[in-house]
Amino acid sequence: MKRRAFLEASAAAAATGSVACRRRRRGLPFDGELIGPNMELGHAMRDLQLPSASTFEPVDVVIIGAGIAGLSAAWRLAGQGFKNFVVLELEEVAGGTARAGRNHVGAFPWGAHYIPAPSRDNPALVRLFQECGLLESNLPGAEPVVKEQFLVRAPEERIFAYGQWWEGLYLRAGASVDDEVQHARFFEEVNRLASWRDARGRRAFAIPRAKCSDDPEMQSLDRQTFMEWLQRRKFTSQRLYWMLDYSCRDDYGSTLETTSAWAGLFYYCARKQLRKDGDAKAALLEDSHPLVAWPEGNGFMVEHLGKACEGRLRTGHAVTTIRRPTEGVLHVHAFDVKTKAAVGFQARKVIFAGPLHVANHVIPSLWEARPEGLNDFIHSPWLVANLTLRQRPDEPGFPLAWDNVLRDSPSLGYVVASHQAMKDHGPAVFTYYYPFPDADVRASRAQLMAMDWKACAQLVVDDLKKAHPDIERCIARLDVMRWGHAMVRPKPGFCWGVALQQAREPVHGIHFAHTDLSGLALFEEAQDHGLRAAEEVLASLGYAAASWR
Amino acid sequence: MSDDMREAGLEAGAVAEAVPQVPALQAPLLFLSVLLIASCGLIYELVAGTLASYLLGDSVLQFSTVIGVYLSAMGLGSWLSRYVQKGLAHRFVHIELAVALLGGLSAPVLFLAFAKTQAFRPVLYTLVGGIGTLVGLEIPLLMRILRQQVAFKDLVAGVLTLDYIGALFASLLFPLFLMPRLGLVRTSLVFGLVNALVGLWSTKLLRPLLGGVFLLRVKCLVVIALLAAGVAGAGRFTLLAEEEIFQDEIVFSKTSAYQRIVLTHGRGSFQLFLNGSLQFSSADEYRYHEALVHPAFAALEAKGLKAKRVLVCGGGDGLAVREILKHPGVQEVVLVDLDPAMTEMATKQPLLAELNRHALQDGRVKVLNMDAMVALGDMAPSLRFDIAIVDFPDPHSYSVGKLYTTRFYRLLKEHLNPEGFASVQSTSPLMARRSFWCIAATMEAAGFAVRPYNLAVPSFGVWGFSLASPAPFAVPARTLPDLRHLTDETMQSMFAFPKDMDRVPSEVNRLDNQVLVHLYSTEWKRWS
């Protein structure tokens, strides 16, 4: 009898359990949607015969792509008083992977979300910061000082491990003496490399990377994986591996095994600030540059740079092909998404500021010009989700920081978009980042693109539940961006390879500007390529322009 | 092993013929229950001793008396065991359940007894005596049950070994894991649960001695359910109990989106607590609020200026506003306090509204429920104040710490007239000397001329403030007549700092370092 009661009870329990499961599976207790990018249109450009234009609007320069590189090119041209250009953008909004969103709680990024404070070695970025009113002081001969309210405010980062949150990104709790020794030894190596100078006084790692030394010894770092470099130097600490793998995933969407050692070290060495310049031997190293961030992430810069192309930005314009009817004339064929009509531009110069895999499809002559290497560019897919929260989740340990990292997760954790808005209570937006760092990017991309909203949302919630068991009831909305080609991947041999060198060269009046050309998807690289391309174009059109770079 | 046991069983069987046999294999499991009940017994003793020390102080006296009563009661229980003649197993299960209830509920009962009754000590010693007696009964009964199974020498050795090992186990577990992780209430409930589970388990182990076990098991399950519910609800209870420990009657309590607000009343005064920490006592708050408000006004008047527009940051209790409104020239007061529940209480709760003389209902006062950093950032640049009174909680967290940064003080300065004054609550220069001077250094870095001052507020101790202005100024000499604490002389004397509170060099607190939060928590740790 009792046995029967037990069986009945457990049957009942199993039944309610399965009902609960089914209810969970049927729907999540919040809304949301998949946001672009416009993949159908992108693929249509590749696969379909979109109509060609028959009339051509004359213009001196066409900039293709309104990401940071394209907008920076426009900013440079406008800065020269050169106004005869248009910017064509496939998406409905400018910004590329730096674009931002906004809702009733506040603004949030859809991708890139901070910039390290610029050093005076990077005058272009200092100029931009000055123009945006971000600098407290910018005295000749001194490092520029960013206003306090734009620096990432404390607490900057925390990590979830052993069931609670801890301050910082490197987990000190439970670290052995050997872990600590290796951690310190790694940073000694970083300091050594950061203060290294070649015969011409160039740094091994500088921002933008165009200023890096091309010394063969440093180039050799690019021919090994970061993991191989670590193992050769007898680094074995799993904690150190974790931290470095995290930074590879964070900056490049790749792992210790799929990132070149040069790129992996760039992350740590390039942002070191020198106290005494010019004296390499006595150089004392300071901390890394502080980070500058806004609630809307690098959307802040998109908005500012966008002012340079006011009235000249055409969003929803998919460039289908670029032809050269005669020497010195370029025909840009585009498809206006709204009117569903072909639009043409006749330009003297084109700045192609889109990713290189798109260039492949719209510039038929590119294959002839560059037989090798275009397939060398591979891009990491990413999933980015913005979680609009009614309230903040309960949590044990160190309080909510700007950057919140889960140790035992394939994700990068989340950034609190509301943090830089000074808000510490009530509704918030968490921006969650999930890279796909596998070597086989095609398979990862297919996997990501096969996921619908619910699959994406479930992935995010299941991951965050490890640290926030009550996260589901805090979420009011969860929106997802699936970036098929989020950023170029600096695999071994790529950053100093032939393909990259070739890709920077203009082809028949088409100049290129994109982070792809650095192998490092960083704001500074996008800006530098935009400025370089704009200055190349200005020079070729006969303008005597002093370089801003 | 099983061979040894079987032999032992046979030997025991030869001794006691008349009694039904317990299958020999279960003896080791019964030994295991000795280990468990020994642990439980010691835990109850530790819970009672700790709780009494917490609530009554004098831990040596409390632990000695609790241990004394407990051990003697165990002796009583052992002696009483001789009167238990038959149905040993049945009685044993019942005793387990009784210990489970009495021991399991001991911590919540004692908390309530302290808060609700005048008879904490009688309840304490009765409870300790009761648990001790029952625990004293457990082991003799179990030994008599096992005597029929195990040779006497093995029995005594086994039971006493496990009894003492269980005690060691419990005495290590209690301070290292249970207290920090579970707290007193949950610990006692969880071990009550262990006792009840031992009871339920015994109905299986002792089955051959028990006959019908259905009713017994129902009783066990009822006790288990009761205690399990207690464990689940312990969080809420702890909050309740801790409130009961406020020394006086609670006249208002509310958990807002930002904090827990409690107002207590008793012995001729009342007190406001936010998240359990005292904000003011009506007995001496006038010292604090007079010192917070009037020196700034006095300094402005020394320049021949009158304050018309005043900003208050924090201070949702309305007491600073009460002092501000004593200055007849004041035309507008803007109060920025994060928590609407706080300003609403200051308006509607009769005791508090009377104490602040209905200041928040004055037509000149405008209340903004916003984070002060966000409010100042959003404020029109043209809006400037003659006086700013800054009265935030101490910088115990990053979200409050940001209101003590150069960024906040720069914003404050932007909204202050060039000739105006700000007065800032700056924690205790005695208890948190480095934190106090860090605040002054931070204000100086933001471009203020700063003159810190201090006074004694009995509820808090020695307390400090920072008087600041964009322009250099002298210590103010004259204040309002008819204040309760401040006179011209006492006001000037506040600006002197004894040697043990005098200036120490300090880092500047910035948004991107928040050094003050770390400094403050280190300094106050020494006093709590």
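Please identify every one of the GluC sites (Glu not before Pro) in region A:53-122 that sits in a loop by DSSP and has no more than 10 other beta carbons within 10 Å of its own beta carbon.
Here no loop site has a sparse enough neighbourhood.
For the residue pair B:Thr490 and A:Thr321, what label-to-label distance in nm results when each label sits 7 Å from Cα along the Cα-to-beta-carbon direction?
Using points 7 Å along Cα→Cβ, the separation is 9.1 nm.
Hey, could you pull the Cα Rg and Dmax for region B:392-484, both in Å?
13.6, 40
If each DSSP helix of 4+ residues adds -39,500 (n - 2.57) and the sum is divided by the residues in the protein assembly as shown, what number results at 222 nm, nearest 500 deg cm²/dmol? Working shown, then result.
Numbers: 38 runs with 470 residues, N = 1077.
When only DSSP H runs of four or more count, the value is -13500 deg cm²/dmol.
Using a Förster radius of 30 Å, what is the FRET efficiency between A:Ala455 and A:Gln49 based on their Cβ-Cβ separation? Nearest 0.05, please.
Numbers: r = 33 Å, r/R0 = 1.10.
Once the sixth-power term is evaluated, E becomes 0.35.
Please compute the length gained on full extension between B:Ser171 and B:His94, using 0.36 nm multiplied by the number of residues separating them and subtracting their Cα-Cα distance. Don't jump to the answer; show the numbers that get you there.
Working: separation 77, 0.36 × 77 = 27.72 nm, distance 2.59 nm.
Going from the current span to full extension adds 25.1 nm.
Averaged over its residues, how many other protein chain Cβ atoms are within 10 Å of peptide A:147-156's Cβ atoms? Write out the running numbers ahead of the final one.
Working: counts 2, 10, 10, 2, 5, 2, 10, 13, 4, 3.
For peptide A:147-156, the averaged partner shielding equals 6.
Taking a 23 Å limit on the Cα-Cα distance, which of the listed pairs B:Lys303/B:Lys413; B:Lys326/B:Lys499; A:Lys211/A:Lys272; B:Lys303/B:Lys499 fall beyond it?
B:Lys326/B:Lys499; B:Lys303/B:Lys499
Listed here are the pairs B:Lys306/B:Lys366; A:Lys307/A:Lys423; A:Lys147/B:Lys525; which of them are more than 24 Å apart at the Cα?
Among B:Lys306/B:Lys366; A:Lys307/A:Lys423; A:Lys147/B:Lys525, the Cα-Cα distance tops 24 Å for A:Lys307/A:Lys423; A:Lys147/B:Lys525.
What are the lysines whose alpha-carbon lies under 24 Å from the alpha-carbon of B:Lys86, with same-chain residues fewer than 8 places away excluded?
Output for B:Lys86: B:Lys153, B:Lys204, B:Lys219.
Please list the non-local residues whose amide H lies under 5 Å from the amide H of A:His511, H modeled 1.01 Å from N, same-chain partners needing a gap of 5 or more.
A:Val350, A:Ile351, A:Phe352
Out of region A:430-476, which chymotrypsin sites (Phe, Trp or Tyr not before Pro) are coil in DSSP terms and have no more than 13 other C-beta atoms within 10 Å?
Here no loop site has a sparse enough neighbourhood.
Tell me which of B:Gly132, B:Leu467, B:Ala359 sits at the most positive position along the dipole axis of chain B, charges placed on C-beta atoms (Lys, Arg +1; Asp, Glu -1).
B:Gly132
Could you give me the ³J(HN,Hα) list for region A:440-447, computed from phi with Karplus coefficients 6.51, -1.76, 1.60 and θ = phi - 60°, whole Hz, x at Gly and Pro?
7, 5, 4, 5, 4, 5, 4, 4
Which order do the peptides B:68-78, A:456-466, A:290-300, A:149-159 come out in when sorted by mean C-beta neighbours inside 10 angstrom, highest first?
A:290-300, A:149-159, A:456-466, B:68-78
Please list, ordered by chain and number, the residues whose modelled amide H lies under 5 Å from the amide H of B:Phe270; skip anything fewer than 5 residues away on the same chain.
Here B:Ser282, B:Ala283 satisfy the definition.
At a Förster radius of 35 Å, what calculated FRET efficiency corresponds to the Cβ-Cβ distance of B:Arg478 and B:Leu351, to the nearest 0.05?
Working: r = 33 Å, r/R0 = 0.95.
Once rounded, the FRET efficiency stands at 0.60.
Rounded, prolate or oblate, given the Cα gyration tensor of region A:154-212, with a/c below 1.5 counting as rounded?
Here region A:154-212 falls in the oblate category.
Using only the Cα atoms, what convex hull volume per residue in Å³ does region A:104-263 have?
Given the Cα convex hull of region A:104-263, per-residue volume reads 169 Å³.
Seen from all sides and averaged, what is the projected area of the convex hull of the Cα atoms in the protein assembly as shown, in nm²?
Taking the Cα atoms of the protein assembly as shown, their convex hull projects to 55.1 nm² on average.
In angstroms, what radius of gyration and Dmax does region A:390-549 have, counting Cα atoms only?
For region A:390-549, the Cα-based Rg and Dmax read 21.0, 63 Å.
Determine the shape class of chain A: with a ≥ b ≥ c the square roots of the Cα gyration tensor eigenvalues, call it rounded for a/c under 1.5, and otherwise prolate if a/b is greater than b/c, oblate otherwise.
oblate
What Rg and what Dmax come out for region B:280-525 when only alpha-carbon atoms are used, in angstroms?
16.5, 45
Determine the dipole magnitude for the protein assembly as shown: charges of +1 sit on the beta-carbon of Lys and Arg, -1 on that of Asp and Glu, nothing else is charged, the reference point is the Cα centre, and the result goes in debye to the nearest 20.
Dipole about the Cα centre, nearest 20: 1400 debye.
Apply the Karplus parameterisation 6.51 cos²θ - 1.76 cosθ + 1.60, with θ equal to phi minus 60°, to every residue of region B:379-384 and state each ³J(HN,Hα) to the nearest whole Hz, in sequence, with x for glycine and proline.
So the Karplus estimates, Gly and Pro as x, are 5, 4, x, 6, 7, 10 Hz.
Net charge within 14 Å of B:Ala225 by Cβ-Cβ distance, Lys/Arg positive one each and Asp/Glu negative one each, not counting B:Ala225 itself?
After counting each charged neighbour, the total is +2.
Let's see if you can work this out: charge +1 on each Lys and Arg Cβ, -1 on each Asp and Glu Cβ, no other charges. What is the dipole magnitude of chain A about its Cα centre, in debye to the nearest 20?
Magnitude of the dipole: close to 900 debye.
Under a straight-distance cross-link criterion of Cα-Cα below 23 Å, which lysines are reachable from A:Lys466, leaving out those fewer than 8 residues away in the same chain?
Within the straight-line cut-off, A:Lys466 pairs with A:Lys454.
If you wrap a convex hull around the C-alpha atoms of chain B and split its volume per residue, what is the figure in Å³?
That works out to 179 Å³ per residue.
Please give, to one decimal in nm, the separation of the simple spin-label points placed at B:Arg217 and A:Val145, each 7 Å out from Cα toward the Cβ.
7.8 nm
Spelling out what I want: for every residue of region B:478-488, take phi, set θ = phi - 60°, compute 6.51 cos²θ - 1.76 cosθ + 1.60 (Karplus), and round to whole Hz; glycine and proline get x.
My calculation for region B:478-488 gives 10, 10, 4, x, 6, 8, 7, 10, 6, 10, 4 Hz in order.
Distance in nm between label sites at A:Asp178 and B:Arg144, each 7 Å beyond Cα in the beta-carbon direction?
Label-label distance for A:Asp178 and B:Arg144, simple model: 6.0 nm.
Projecting each Cα onto the charge dipole of chain A (Lys/Arg +1, Asp/Glu -1 at the beta carbon, about the Cα centre), which of A:Ala44, A:Ala124, A:Leu538 comes out farthest on the positive side?
Going by the charge dipole, the pick is A:Ala44.
What average number of partner chain Cβ atoms lie no more than 10 Å from the Cβ of the residues making up B:505-517?
Mean inter-chain Cβ contacts per residue within 10 Å come to 3.
Can you give the FRET efficiency to the nearest 0.05 for B:Lys254 and A:Arg390, using r as the Cβ-Cβ distance and R₀ = 22 Å?
0.65
Readers should treat all values here as calculations from the given coordinates under stated rules, not as data from a laboratory. This is a predicted model, so every value here is computed, not measured. Cβ atoms come from the backbone with ideal geometry, glycine included; neighbour counts cover every protein chain shown.
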